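In what follows, a single structure is set out as structure tokens and then discussed.
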Amino acid sequence: MGKASTQPSEQFHYIKNRIQMLSQVVSTMDPEQVDMDDFTRVLDMIQQLQMKMERFKKDWESN
């Protein structure tokens, strides 16, 4: 996804974009046709976002 962000504003912009992407993915899913693969895909996206946020949090705490 590009070079690593080190500035808090860049990191927040990255998180904001990822949340918007997650929202778009979920909003396109038909609740009547969601299967385990869909559920797993969304869960993976949430877990990746959480890991990135934890990494950014450490960056912010060390500054």
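Each reported figure results from applying straightforward, stated rules to the coordinates on display, with no laboratory input. Only a predicted model underlies this, so the values are computations on that prediction, with no experimental measurement involved. Cβ sites come from the backbone with ideal geometry, for glycine too, and all protein chains shown count toward neighbours.
Identify the residue in segment 1-11 that is in contact (Cβ under 8 Å) with a residue 12 or more places away in the chain and assigned to a helix (DSSP H, G or I) and, among all such residues, is surrounded by the fewest Cβ atoms within 10 Å (Cβ to Cβ).
Step by step, filter segment 1-11, then rank; the result is P8.
Working only within segment 29-45, note down all residues that are in a helix (DSSP H, G or I) and either in contact with a Ser or Thr (Cβ under 9 Å, 6 or more places away or on another chain) or surrounded by fewer than 10 Cβ atoms within 10 Å (Cβ to Cβ) (or both).
First, the residues of segment 29-45 that are in a helix (DSSP H, G or I): 36-45.
Passing the criteria: M36, D37.
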